[in-house]
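> A single structure is presented below for examination.
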Amino acid sequence: MTLPVEAVLPELVQRLGEGRNVVLEAPPGAGKTTRVPLALLAETWLRGRSILMLEPRRLAARGAAARLAALLGEPLGQTVGFRIRFESRIGRQTRIEVVTEGILTRRLQQDPTLEGVGLVIFDEFHERHLHSDLALALCLDAQSGLRDDLRLLVMSATLYGALVAQLIDAEVVRSEGRQYPVTLHHTPRDPEGRPEAVVAAGVVRALGEQRGDILAFLPGGAEIRRAHDHLLQHPACAGVALHMLYGDLPFEVQQRAIEPDAEGRRKVVLATPIAETSLTIEGITTVVDGGWQRAPRFDPRTGLSHLETLRVSRASAEQRAGRAGRLQAGVAYRLWGENTQRGLRPFNEPEIGVADLAPLALELTAWGVSDPGQLRWLDPPPAAPLAQARELLLGLGALDEGGRITAVGREMAELPLHPRLAHMLLEGRRLGLAATACDIAALVAERDLFRGSERARPFGDRLEALTAFRQQGREGARRLGADPHACGQVERAARQWRSLLRLERHRSSEVDEEEMGLLLALAYPDRIARLREGGDERYLLSSGRGARLLPHSPLRGRPLLVAVDLDGQGEEATIRLAAPLSPALIRERLGGQLVVRERVAWDGREQAVVARREECFGALVLASKPLPQVDAAQVQQAMLTGIAALGVAALPWEAGEAQQLRARVASLRAWLPEQGWPDWSDAALQASLAEWLAPFLPGISRREQLARLDLTSILLAQLDYPQQRRLEELAPTHLAVPSGARHRLEYRLEGVPVLAVKLQELFGLAETPRVAAGRVAVLLHLLSPARRPVQVTQDLANFWATTYKEVCKELKGRYPKHPWPDDPWSARPTAATMRRLRQEGR
DNA sequence: CTCTCCCT
């Protein structure tokens, strides 16, 4: 059988032969995974060295290797082999080695020159996993340094080639795919509809309009279960075999969903994106796509991840629809309109942009790179999550203060698990708890034993179920409500780590809850939760954030927990998985890791500077007492931090005088920019607290004591004497008016100052009063005798000439005791009544 | 309104 990719093989071979990197852009079905490595095997430039081909999934790696070997008519482990976690088939003569992503990173770390390798092929690069992005960056680094004869071939779905080609300085070779046509039906959905209802309706419609089996895409397991329950009741599903398919279902159930129905019934499979690439389901001719996908997002501010339900990307939707056209022409119902289609993102967001970067940060440090800018990336690791990751690694002792890897860090990097868990394994070994640490790490890292169960269970139940599985097999696990398949996977991971730590065999012992908490605290020193007073399920995390146990958790009321799984979404984090923690045991077993520190710091809850001597484990404060003597400079520094956190608005501006001073200076700054008046905006004052406010802080350590500050004098002290003189002259606090009185000017942060004055006081005055050496006319608020505003103007002469007459007419009757002369120009300006004027003899 | 998929 000839495959479309064969047409471009000569060009591909030639380009690589010229010593170039190459990007092969080909849609699914082109045959790139099977044909390309074999076509290159005999190339002389390889000089007998091997080809490494990277696959994004274990299933795919094993499958690709098997097909390649079959094409050569050999068993696996001869010319073609594979290496994935837990399994490898590699022989002496192996020239094509198919590996999964983590394996390649590991190999590069052990041998940066990739000795004996002539070509690295990245298959399905468009999936943009964290590991494949990292592996490409490391390969490029190796190529540019030690191995200029190493070649790279990146294979990717359509429309992605140019970007990668630019990064790796490569030629793009394009191939056609093989795919039966799929007819697309875009059907706008009820925007309020829940995913399960929308997709169930789509399935019912497809059942009526099409023949053949149906594959429907939903965002997650919960929606799949609800859609399943709903469709079971529906008459359209009578006689139809209804299946669910998602990663956490037991293997047998997944298998049944993939196979043709034993009784030959028509099949409907409700699936997560697991069916998008990893699994091929027999007999599908119709796809129903709800158009969602769920993705984790790491929030560097909290250090936590949460799941988000997003619209599918165009690439994913394409892939999903394609599932209907593997056997024959098919149909895809897309439950969104053409407009929505145009707004879809072209590709899934690269994992490097949204993931926890702690593992990547450790890999980079182990590679000897402190700044990711030293490597070439399609998308560099974003700064904030990377900084957060480095901070975590520093806390775990993997990095030193200078950001270099420590001996412990190197040991951690060599263990195939998350740095948090690697730290727990190594520290657990020192405590003589290595085997238990392996179990706990596996329970954290592998599939949830109790997924889908109603009750929120504490961590201890997992360890108990694992022990039961070891002693009594699958039945033992089932009796405790655990999934035996998942137990097997956990045991397999734990066994791998035990062997890496050179532990002989697992000694099963009693599960000690407190030791478990202790070990978990070694992995999550920053996720310790203390029970809030007056309740039994609300906790305070060491970060200061609130957290809440899942309803009905058996851990309710425990004073101290280690939160293993925290969902960071929303106001309060949700503690999904936790173990109780005993401070006494920490002190007893981890005494060496306790840090005693004297802390003088602003406390947001106390609204004051607190000075305490604290005994800490990670972020957990085990003991705390007040410091007998405190350095005044430290208090001042902490107070400044506190004021910065509260904002300058928290200072006592209420009196008004200080605000007026700020407004006067701000006005002069705006009117007379050449004079260099200081910037006293909130932002500027906030930024320079240390300069202008610090000298006045001695004796102040609480928020309420800020009321003592005389902000007017403090700000005035910022001006030198000539400036103070000029301020009085150019922006006076008061203005004299013709009546002889002095009235207060009201300055504003922007605009002209306001002079509020009874209009009788201004008789005879033609010129509007001015400030700033005559540059700015004040805004007059002309008042009635009852001090009600009659007119607002910046043009007094015009007021006398026009509006004054009407004002007179209107107000004369109401205020007969006050003067309302026909000619305001010649009348005597006064604040007094007629009677007083007469008494004064006029 | 129960946590997607994948990997050392």
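> Which sequence of A:LYS267, A:LYS758, A:LYS809, A:LYS817 reflects their accessible areas, 1.4 Å probe, from the largest down?
A:LYS809, A:LYS817, A:LYS758, A:LYS267
> Is there a quick way to get the dipole size of chain A? I mean about its Cα centre, with the Cβ of Lys and Arg at +1 and of Asp and Glu at -1; what is the value in debye to the nearest 20?
1680 debye
> So which GluC sites (Glu not before Pro) in the range A:17-120 pass both tests, a DSSP loop state and at most 11 other Cβ atoms within 10 Å of the Cβ?
Those that pass, being in a loop and sparsely packed, are A:GLU18, A:GLU115.
> What is the sum of charges, Lys and Arg at +1 and Asp and Glu at -1, for the other residues whose Cβ falls under 9 Å from the Cβ of A:ALA831?
With Lys, Arg at +1 and Asp, Glu at -1, the neighbours total 0.
> A:THR183's amide H: which non-local residues (gap 5+, or another chain) put their own amide H closer than 5 Å, with H modeled 1.01 Å from N in plane and none for Pro or chain starts?
A:GLY330, A:VAL331, A:ALA332
> What whole-number value in Å² describes the accessible area per residue of chain A for a 1.4 Å probe?
Per residue, chain A has 47 Å² of solvent-accessible surface.
> How about the range A:126-211: which GluC sites (Glu not before Pro) there lie in a loop by DSSP and see at most 16 other Cβ atoms within 10 Å?
The qualifying sites are A:GLU176, A:GLU192.
> Using a 1.4 angstrom probe on heavy atoms only, work out the carbon and sulfur share of the accessible area of chain A in %.
That fraction is 49 percent.
> What trypsin sites (Lys or Arg not before Pro) in the range A:276-328 are in a loop by DSSP, with at most 16 other Cβ atoms within 10 Å of the Cβ?
Here the sparse-neighbourhood loop sites are A:ARG301.
> Count charges around A:GLY91 for me, please; just the other residues with Cβ under 13 Å from its Cβ, Lys/Arg as +1, Asp/Glu as -1.
Charge balance near A:GLY91 sits at +2.
> Could you work out the helix-only [θ] at 222 nm for chain A, with each DSSP H run of four or more residues adding -39,500 (n - 2.57) and the total divided by the number of residues, to the nearest 500 deg cm²/dmol?
-11000 deg cm²/dmol
> Once you compute Rg and the Kirkwood Rh from C-alpha atoms, what is the Rg to Rh ratio for the range A:734-839?
0.96
> Okay, next question. Once you order the gyration tensor axes a ≥ b ≥ c over the Cα atoms, which shape class does the range A:345-457 get: rounded for a/c under 1.5, otherwise prolate or oblate by comparing a/b with b/c?
In terms of gyration-tensor shape, oblate.
> Cut-off under 19 Å on the C-alpha distance; same-chain residues fewer than 8 positions from A:LYS817 excluded. Which lysines are left, in chain and number order?
A:LYS758, A:LYS805, A:LYS809
> Whole Å is fine, so just give me how far the alpha carbon centre of the range A:713-757 lies from that of the range A:611-682.
27 Å
The values are calculated or read from the model by the stated rules, or taken from the named source; none is laboratory data. Because the structure is predicted, anything quoted here is derived from the model rather than measured. Reconstructed Cβ throughout: ideal geometry from the backbone, glycine too, with neighbour counts over all protein chains shown. Note: areas computed on protein heavy atoms with side chains; ligands, DNA, RNA excluded. Shrake-Rupley method; radii C 1.70, N 1.55, O 1.52, S 1.80 Å.
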